[in-house]
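The values are calculated or read from the model by the stated rules, or taken from the named source; none is laboratory data. Keep in mind the model is a prediction, meaning the values are calculated, not measured. Here the Cβ is made from the backbone with ideal geometry for all residues, glycine too, and neighbour counts use every protein chain on show. To get the accessible areas, we keep the full protein, side chains included, count just its heavy atoms, and leave off ligands, DNA and RNA. Shrake-Rupley method; radii C 1.70, N 1.55, O 1.52, S 1.80 Å.
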Amino acid sequence: QVQLVESGGGLVQPGGSLKLSCVASGRIFQTYVMGWYRQAPGKERDMVARITPGGKTNYGDFVKGRFTISRDNAKSTVYLQMNSLTSEDTAVYYCSASGVGRYWGQGTQVTVSS
């Protein structure tokens, strides 16, 4: 069983930045592929970024170099640094852990608005 707790969401102006964090419980964080997904109202959940245990990353096409995913295995934490935010980035952002099973956090709201 893995529990994921996200933090760092909030309201930011267009062009601004936010850094999301996700802390995972359990002793095997370092074996899981960690990811960030997002879901806007009325839309499907999309993959934002993923990072393997070895640090290999991939991103959704819409990221376009604006976001960076990273992980700290010693702290069982995965981060998502988001820059140059636009209104289209408004969504609930979910942390995900994939390995033996698939786990989701409860989500953190990100709202980009002036």
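How many of the residues making up the range 88-107 are in contact with a Gly (Cβ under 7 Å, 6 or more places away or on another chain) and under 25 Å from residue 13 (Cα atoms)?
4
Looking only at the range 34-41, decide whether some residue is of a type in the set (Lys, Arg), under 11 Å from the mean Cα position of the chain (by Cα), at pLDDT 95 or above and under 19 Å from residue 13 (Cβ atoms). Write out each step before concluding.
Filtering the range 34-41 down to residues of a type in the set (Lys, Arg) leaves 38.
Okay, now just the ones that are also under 11 Å from the mean Cα position of the chain (by Cα), so 38.
Next, from what is left, pick out any that are at pLDDT 95 or above: 38.
Filter again for under 19 Å from residue 13 (Cβ atoms), leaving 38.
Yes: the range 34-41 contains one or more residues that are of a type in the set (Lys, Arg), under 11 Å from the mean Cα position of the chain (by Cα), at pLDDT 95 or above and under 19 Å from residue 13 (Cβ atoms).
Identify, by number, the condition in (1) more than 20 Å from residue 10 (Cβ to Cβ); (2) open to solvent by 60 Å² or more (accessible area, probe 1.4 Å) that residue 68 doesn't meet.
Of (1) more than 20 Å from residue 10 (Cβ to Cβ); (2) open to solvent by 60 Å² or more (accessible area, probe 1.4 Å), only one is false for residue 68: (1).
Which of the following residues is acidic (Asp, Glu), in a loop (DSSP other than H, G, I, E, B) and out of contact with any Pro (no Cβ under 6 Å at 6 or more places or on another chain): 88, 44?
Details: 88 fails: in a loop (DSSP other than H, G, I, E, B).
Testing whether each residue is acidic (Asp, Glu), in a loop (DSSP other than H, G, I, E, B) and out of contact with any Pro (no Cβ under 6 Å at 6 or more places or on another chain) leaves just 44.
Name the residue, out of 114, 98, 87, 76, that is open to solvent by 60 Å² or more (accessible area, probe 1.4 Å), in contact with a strand residue (DSSP E or B) (Cβ under 8 Å, 6 or more places away or on another chain) and of a type in the set (Ser, Thr, Tyr).
Details: 114 fails: in contact with a strand residue (DSSP E or B) (Cβ under 8 Å, 6 or more places away or on another chain); 98 fails: open to solvent by 60 Å² or more (accessible area, probe 1.4 Å); 76 fails: open to solvent by 60 Å² or more (accessible area, probe 1.4 Å).
Selected residue: 87, the only one of 114, 98, 87, 76 that is open to solvent by 60 Å² or more (accessible area, probe 1.4 Å), in contact with a strand residue (DSSP E or B) (Cβ under 8 Å, 6 or more places away or on another chain) and of a type in the set (Ser, Thr, Tyr).
I'm trying to understand the selection: among the residues of the range 32-56, which are over 14 Å from residue 93 (Cβ atoms) and surrounded by 13 or more Cβ atoms within 10 Å (Cβ to Cβ)? Please lay out each step first, then the result.
Of the residues in the range 32-56, the ones over 14 Å from residue 93 (Cβ atoms) are 32-33, 42, 44, 51-56.
If the condition is that a residue be over 14 Å from residue 93 (Cβ atoms) and surrounded by 13 or more Cβ atoms within 10 Å (Cβ to Cβ), then 32, 33, 51, 52, 53 are the ones that fit.
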